[in-house]
1. So what are the three principal axis dimensions of the range 276-338 from its Cα atoms, in whole Å, longest to shortest?
2. Evaluate the charge dipole of the chain about its Cα centre and quote only its size in Debye, nearest 20, assuming +1 on the Cβ of each Lys and Arg and -1 on the Cβ of each Asp and Glu.
3. Through the Karplus equation 6.51 cos²θ - 1.76 cosθ + 1.60, θ set to phi - 60°, convert the phi angles of the range 83-97 into ³J(HN,Hα) values in whole Hz; use x for Gly and Pro.
4. If you find the alpha carbon centre of the range 88-115 and of the range 264-283, how far apart are they in angstrom?
5. Please list the non-local residues whose amide H lies under 5 Å from the amide H of TRP214, H modeled 1.01 Å from N, same-chain partners needing a gap of 5 or more.
6. Less than 13 Å Cβ to Cβ from ALA99, Lys/Arg counted +1 and Asp/Glu -1: what total charge do the surrounding residues give?
7. State which stretch of the chain is the longest one without any exposed GluC sites (Glu not before Pro), exposure meaning a DSSP loop state and at most 16 other Cβ atoms within 10 Å.
8. How big, on average over all directions, is the shadow cast by the Cα convex hull of the range 100-182, in nm²?
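The values are calculated or read from the model by the stated rules, or taken from the named source; none is laboratory data. As the structure is a prediction and not an experimental result, all values here were calculated from the model. Virtual Cβ from ideal backbone geometry, glycine too; neighbours counted across all protein chains shown. Accessible surface areas use protein heavy atoms only, side chains included; no ligands, DNA or RNA. Shrake-Rupley method; radii C 1.70, N 1.55, O 1.52, S 1.80 Å.
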Amino acid sequence: MSQTGVQARRSAVYLLDQVLGEGRLMSEVIGGGALERLAPDDRARAQRLATDTLRGLERADRLLKKHLSKTPPLSVHNVLRVATIELCQGGAAHGVVNAAVEIVGKNSRTASMKGLVNAVLRKIAADGVEAWNKLRVPRLPSWLRDPLVVAYGAENMMKIEAAHFAGAQLDLTAKGDKGALQRSLGGEMLETGSLRLQDAGQVSVMPGFKRGSWWVQDAAAAIPVQVLNPQEDEKILDLCAAPGGKTMQLAAAGAQVTAVDDNRSRMERVTENLKRTGLKAKLVVNDVMETRGEWDAILLDAPCSATGTIRRHPDLPHAKDGSDFSVLIELQAEMLDH
């Protein structure tokens, strides 16, 4: 990681600008190469800072509001948000404040606000941590929270939000011996066969990654293939396959897999993952609705709201507003009929 961490922090601010300003999903921005020029540790830090900031956004904004007479431009606001999160997580005030001032100062459009950033963050450093711990658990935006309260009740909603705020662990699927994977990496072996790690760090430098011994896959996402129970040489069609976790599960079981997705760039990730793990599948970039043929089984991971993944992807409620949900439901029905 760079000595001052400025590059990682600047990249985290850029991710936030894209999510909060442009309504883009973080995975889309990162998939487009936003972090490619960073060293692995800086890349991990930038993503962690952005996700931590999105999880604690309500708290950060409440603290900052006390010291701002008006809302600054989005990029400056996001610099303040990232720095506030770092300070309230115990970051060294000198390094955090200086890095934030440097980021703002290097941009000609925001350089005039260096003094503001310095003054506000020094106040946050003085009393922010104590105030942070007294604030409520951040709430989901009302467009999502209100119908969930109706469905599950206020008490359960608060538990959901507490889980979102706590963040998600890292779940891995083993290519082969699950026990060997646990002995290598530690962690907790779940009943479903996924290995769960706490505070794993940068994935690409973990033991076994380059050898393709495992891949990252949420435990819940791994269950459908286990239920399907693929057999050796069965012909199986994996629809909406990218980024390929289920494709690799099927291939590892010995099935003859045809993976279909209409997103070419995401299918490139499937190609990379298959190459890394040494698994084989036929990849087809095509519209699911135009796919024809006969298979022993079909697995469809239909497009959805993804609101069940907010614990891992806190950008979702900020990049979406629920307006496309009805369209997604109709699309799911059409795909199932097809």
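1. If we take the Cα atoms of the range 276-338, the spans are 39, 34, 18 Å.
2. On the way: 43 positive and 41 negative charges, 380 e Å.
Roughly 1820 debye, rounded to the nearest 20.
3. With the stated coefficients, the range 83-97 comes to 5, 4, 4, 4, 4, 6, 8, x, x, 5, 4, 4, x, 5, 5 Hz.
4. Spelled out, the Cα-based centre of one part sits 40 Å from the other.
5. LYS175
6. On the way: positive: ARG9, ARG10, ARG45, LYS106, LYS114; negative: ASP42, GLU86, GLU102.
That sum, taken over residues with Cβ under 13 Å, equals +2.
7. Values: sites that count: GLU36, GLU191, GLU232, GLU294.
Here the longest segment lacking exposed loop sites spans 37-190.
8. Values: hull surface 45.3 nm².
One quarter of the hull surface, i.e. the mean projection, equals 11.3 nm².
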